[in-house]
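Input: a single structure, listed below in structure tokens.
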Amino acid sequence: MIRLKTPQQIAAIREASQILVAVLGELEQMVQPGVSTLDLDQYALKRITALGARPAFLGYMDFPASLCTSVDSAVIHGIPNKQKLRSGQLVSIDCGVEYRGYYSDCAFSAPVGEVSQEITTLLRVTREALALAVEQARAGNRINDISRAVYRHTHDQGYGVVRPYCGHGVGLEIHEDPQVPNYVGRGPNPRLKPGMVLAIEPMINLGGDDVRVLQDEWTVVTSDGSVSAHFEHTVAILEERTEILTARDV
Ligand code: MG
Ligand code: MG
């Protein structure tokens, strides 16, 4: 069941989002060779807590950290560890916060030091896919309009599009209906209405589509070992426009 949010609820999700993007902006500055993903996670926990919020992923289905940190061939759900990041890597950082009972979800991928041209292009194309998807996330359109925007922009340029994991409703819980796939399948295709709040999150691979889960039972990696990128925004569909609640410049 899709739960439409009232303007008051959207205002509360906006507050949660502002806390989240403040912390993510600081984390992006910290992404450098020599920092570990555990350093990033400990910083995030401290900052989110100091801002009066709670990391929504910590303890969710027993996830052990505040951030998902996914390096290179890891797509999503990577567990922070002590390994230091090295120049040439790509790290994806995904975080959810709960503030006064309202949830926001946002992710970005960033280069560590100097990365290859193909990783730079992957980052650009994935960010563009998210922007194109958000453009389609407007009242009167359907979920498939979002999915098609991601798929066409990425698959048609030869990138792999991750299928088993997708975007979702968010706001009153961290994961709500509807699912927001990054490809056009045969699943539900509801019409988008004012009051919907969606997390849209393309996960795009330099190589093929296929992914598998590591033995830690969390980390999703590309089956062919190719590098993967992930960008995510929480957006609110309003009557006349769509607001990116997790935009950094809000
Ligand atoms: Mg997320
Ligand atoms: Mg999400």
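From its DSSP helices (H runs of at least four residues, each -39,500 (n - 2.57)), the chain gives a residue-normalised ellipticity at 222 nm of -9500 deg cm²/dmol.
Its alpha carbons give the range 129-250 an Rg and a Dmax of 14.4, 46 Å.
Accessible area ranking (1.4 Å probe, heavy atoms, ligands and nucleic acids excluded), largest first, for Glu118, Glu240, Glu232, Glu98: Glu240, Glu118, Glu98, Glu232. Under 5 Å between amide hydrogens, built in the peptide plane, is the criterion, and for Val75 it picks out Val220, Val221, Thr222 among residues at least 5 positions away or on other chains.
Placing +1 on each Lys and Arg Cβ and -1 on each Asp and Glu Cβ, with no other charges, gives the range 7-244 a dipole about its Cα centre of roughly 260 debye. Summing +1 for each Lys or Arg and -1 for each Asp or Glu among the other residues whose beta-carbon sits under 14 angstrom from that of Met203 gives -4. Counting only protein heavy atoms and using a 1.4 Å probe, the accessible area of Leu238 comes to about 40 Å². A 1.4 Å probe over all protein chains sorts Lys84, Lys193 by accessible area into Lys84, Lys193, starting with the largest.
Of the solvent-accessible surface of the range 112-176, computed with a 1.4 Å probe over protein heavy atoms with every protein chain present, carbon and sulfur atoms account for 45 percent. With the alpha-carbon atoms of the range 7-244 aligned to their principal axes, the span from lowest to highest coordinate is 46, 43, 30 Å, starting with the largest.
The heavy atoms of Met196 present about 10 square angstrom of accessible area, all protein chains included, probe 1.4 Å.
Ordered from largest to smallest accessible area (heavy atoms of protein chains, 1.4 Å probe), the residues Lys82, Lys46, Lys5 come out as Lys82, Lys46, Lys5.
In the context of the full set of protein chains, the chain has a per residue accessible area of 44 Å² (1.4 Å probe).
The values are calculated or read from the model by the stated rules, or taken from the named source; none is laboratory data. Predicted model, so just to flag it, every value in this text is computed and none were measured. All Cβ positions, glycine included, derive from the backbone under ideal geometry; neighbour counts span all protein chains shown. All accessible areas refer to the heavy atoms of the entire protein, side chains included, with ligands and DNA or RNA removed. Shrake-Rupley method; radii C 1.70, N 1.55, O 1.52, S 1.80 Å.
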